[in-house]
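Colleague: Dropping a structure here in structure tokens format, bear with me for questions.
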Amino acid sequence: GRSWTKIGDLDDSAAGRSVLIRGATQAIRPVSKKMAFVVLRQSMSTVQCVLVASADACVSTQMVRFATALSKESIVDVEGVVSLPKEPLKATTQQAGEKLVRVGQDTRLNYRAIDLRTPANQAIFRIQCQVENKFREFLLSKDFVGIHTPKLISGSSEGGAAVFKLLYNGQPACLAQSPQLYKQMAICGGYERVFEVGPVFRAENSNTHRHLCEFVGLDAEMEIKEHYFEVCDVIDGLFVSIFKHLTENCKKELETINRQYPFEPLKYLEKTLKLTYEEGIQMLKTYIDNLSNRQEAGTEIEPMGDLNTEAEKKLGRLVKEKYGTDFFILYRYPLAVRPFYTMPCYDNPAYTNSFDVFIRGEEIISGAQRIHTPELLTKRATECGIDVSTISAYIDSFSYGAPPHGGFGVGLERVVMLFCALNNIRKTSMFPRDPQRLVP
Ligand code: 4AD
């Protein structure tokens, strides 16, 4: 076959060379019967092609007419000689396609195959791929083993109503809300450290900017030797390495996203900040107390309740002001707001050995130490209103001896959304599933 050049690889060194390229027609401008400009785009890059009909060259006037009649976004192959523009083309040329398609998000998603061609979307899913790949690479380097757990399961794994029900050969079943129970059973099965990248299903009935009905879960579970902060340390190393990798090796992608959706680069510390839930509550209370008008706070704080979205965002801003980071861990949550499998604190069982991790004041991870004795698990499940007969195989797994362990779950779409400060999770899911959307 002939040798093809990527539009993104065309640089000064290509000047004078004949190249073969393929791209989508982003803009077509006829100049005369004999001449036309065609801007071709491939992934995040564009190039301007100049067609000039002449008796001796291979371009005829018919060819110029044919080219100017092409519809936008046609895929065309072009062979031509590269010449450098006298003045570098302004970014405005590159953005022309993006500017022309100012349409609502729903319309974009209805025509996702064409919407994906915008440079920003080309960049977003390249970034997503890099995050997923770094997650694997980092955990493999720390002796984690990649596993796959079933998505067709018999009962809810996170409790609550957000579960898709179905019939499995006539028996009631559901789609896995997380690999939670199975990744723990892998630990019971002698795997000291495991991870999984896979789909997670949540029958969310609220339409928000950050909830999907199907998302990609990055999960990990590990033995704990002495303290559950060992799990936080893995998260610290993992995310600092992901952030560094994106910043250093995905410059073009980040610039491309920034051009369409301007954002401040993420600030993070070399050693991730950890605050207790109580410290977080205290920061919020002090902030509210200092307001002249308490209504301004726009949020209520319940000491032993979960933080709502607004409170989390506010806390994110307060933490940034005080500690200079967009990325932090909040730990030691009250028992009442965590799932049944979470280990209560040894010193005060009203709290738990658990944590959430935030980027720009929004949750990307939740994690914890887990209960590893069948007696306490049964007690906690019962207290949480779970019918233990539906999870007896899981509980029994702990009766042959199980090590202390803990882990965490990350939402991949949320990481990309928040790293790039995008305003909606549908932008970071290639074919999003939300309460209203099953197509395309
Ligand atoms: O907080 P969640 O529900 O925790 C679990 O599933 C636990 N089993 C994790 C663990 O190991 N303890 O979900 C984990 C992460 C959230 O922090 C969030 O990033 C993401 O998954 N997530 C969602 N992302 C998109 N749409 C939704 N509906 C999400 N629900 C959770």
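The values are calculated or read from the model by the stated rules, or taken from the named source; none is laboratory data. Remember, predicted model here, so these are calculated numbers, not experimental data. Neighbour counts are summed over all protein chains in view; Cβ atoms, including those assigned to glycine, are modelled from backbone coordinates with ideal geometry. Calculation scope for accessible area: heavy atoms of the full protein, side chains included, ligands and nucleic acids excluded. Shrake-Rupley method; radii C 1.70, N 1.55, O 1.52, S 1.80 Å.
Colleague: Determine whether segment 174-187 contains at least one residue that is open to solvent by 10 Å² or more (accessible area, probe 1.4 Å), part of a loop (DSSP other than H, G, I, E, B) and either more than 12 Å from the ligand (Cβ to nearest atom) or closer than 18 Å to residue 144 by Cα (or both).
Modeller: no
Colleague: Now a separate question. Conditions first: (1) under 24 Å from residue 122 (Cα atoms); (2) in contact with a Phe, Trp or Tyr (Cβ under 8 Å, 6 or more places away or on another chain). Residue 418 passes all but one, so which condition is the exception?
Modeller: (2)
Colleague: Next up: Within segment 314-323, track down each residue that is within 23 Å of the chain's Cα centre (by Cα) and open to solvent by less than 40 Å² (accessible area, probe 1.4 Å). If you could, list the steps in order and put the result at the bottom.
Modeller: Of segment 314-323, the ones within 23 Å of the chain's Cα centre (by Cα) are 314-317, 319-320.
Within segment 314-323, 314, 315, 316, 319 meet the criteria.
Colleague: Do any residues in segment 158-172 that are under 20 Å from residue 366 (Cβ atoms) have Cβ atoms under 9 Å from those of residues that are open to solvent by 90 Å² or more (accessible area, probe 1.4 Å), where the two are at least six apart or on different chains, and which pairs are they?
Modeller: Hits for this filter: 161/205; 162/205.
Colleague: Right, something else. Tell me yes or no: at least one residue of segment 400-420 is without any contact (Cβ under 8 Å) to a residue 60 or more places away in the chain and more than 15 Å from the ligand (Cβ to nearest atom).
Modeller: Within segment 400-420, one or more residues are without any contact (Cβ under 8 Å) to a residue 60 or more places away in the chain and more than 15 Å from the ligand (Cβ to nearest atom).
Colleague: Further question on the same structure: Looking at segment 397-426 only, could you name the residues that are open to solvent by 30 Å² or more (accessible area, probe 1.4 Å) and under 13 Å from residue 261 (Cβ atoms)?
Modeller: 421, 423
Colleague: Another question, then. Among the residues of segment 304-313, is any crowded, with 18+ Cβ neighbours inside 10 Å, away from the ligand (no atom under 12 Å from the Cβ), free of Cβ contacts under 8 Å to residues at least 40 places away in the same chain and closer than 23 Å to residue 236 by Cα? Steps first, please.
Modeller: Keep residues of segment 304-313 that are crowded, with 18+ Cβ neighbours inside 10 Å, which gives 307, 311-312.
Narrowing further to those that are away from the ligand (no atom under 12 Å from the Cβ): 307, 311.
Filter again for free of Cβ contacts under 8 Å to residues at least 40 places away in the same chain, leaving 307, 311.
Now restrict to residues that are closer than 23 Å to residue 236 by Cα: 307.
Yes, there is a match, as at least one residue in segment 304-313 is crowded, with 18+ Cβ neighbours inside 10 Å, away from the ligand (no atom under 12 Å from the Cβ), free of Cβ contacts under 8 Å to residues at least 40 places away in the same chain and closer than 23 Å to residue 236 by Cα.
Colleague: Does residue 253 count as out of contact with any Pro (no Cβ under 7 Å at 6 or more places or on another chain) and near the ligand (Cβ under 10 Å from one of its atoms)? Show your work before the answer.
Modeller: Details: out of contact with any Pro (no Cβ under 7 Å at 6 or more places or on another chain): yes; near the ligand (Cβ under 10 Å from one of its atoms): no.
In short, no.
Colleague: Quick one: which of 350, 393 is of a type in the set (Gly, Ala, Ser), more than 9 Å from the ligand (Cβ to nearest atom), open to solvent by 50 Å² or more (accessible area, probe 1.4 Å) and over 17 Å from residue 218 (Cα atoms)? Spell out the reasoning first.
Modeller: Numbers: 350 fails: open to solvent by 50 Å² or more (accessible area, probe 1.4 Å).
After ruling out the rest, the residue left standing is 393.
Colleague: Next up: Which number in (1) touching a helix residue (DSSP H, G or I) at 6+ places or on another chain (Cβ under 9 Å); (2) closer than 17 Å to residue 181 by Cβ; (3) outside any helix (DSSP H, G or I) marks the one condition that residue 377 misses?
Modeller: (3)
Colleague: Cβ-Cβ under 7 Å, sequence separation 6+ or interchain: first residue in segment 212-233 and aromatic (Phe, Trp, Tyr), partner more than 9 Å from the ligand (Cβ to nearest atom) and open to solvent by less than 10 Å² (accessible area, probe 1.4 Å). Which pairs?
Modeller: 228/369
Colleague: Which residues, taken from segment 316-361, are under 17 Å from residue 303 (Cβ atoms) and of a type in the set (Ser, Thr, Tyr)?
Modeller: Those that are under 17 Å from residue 303 (Cβ atoms) and of a type in the set (Ser, Thr, Tyr): 331, 333, 351, 352, 354.
Colleague: Separate question: Which one of the conditions (1) open to solvent by less than 60 Å² (accessible area, probe 1.4 Å); (2) away from the ligand (no atom under 16 Å from the Cβ) does residue 162 fail to meet, given that it meets all the rest?
Modeller: Residue 162 satisfies every listed condition except (2).
Colleague: With the requirement that a residue be in a helix (DSSP H, G or I) and either under 19 Å from the mean Cα position of the chain (by Cα) or modelled with pLDDT under 50 (or both), what does segment 109-120 give you?
Modeller: Just the residues of segment 109-120 that are in a helix (DSSP H, G or I), to begin with: 109-110, 112-115, 119-120.
Scanning segment 109-120 gives 109, 112, 115, 119, 120.
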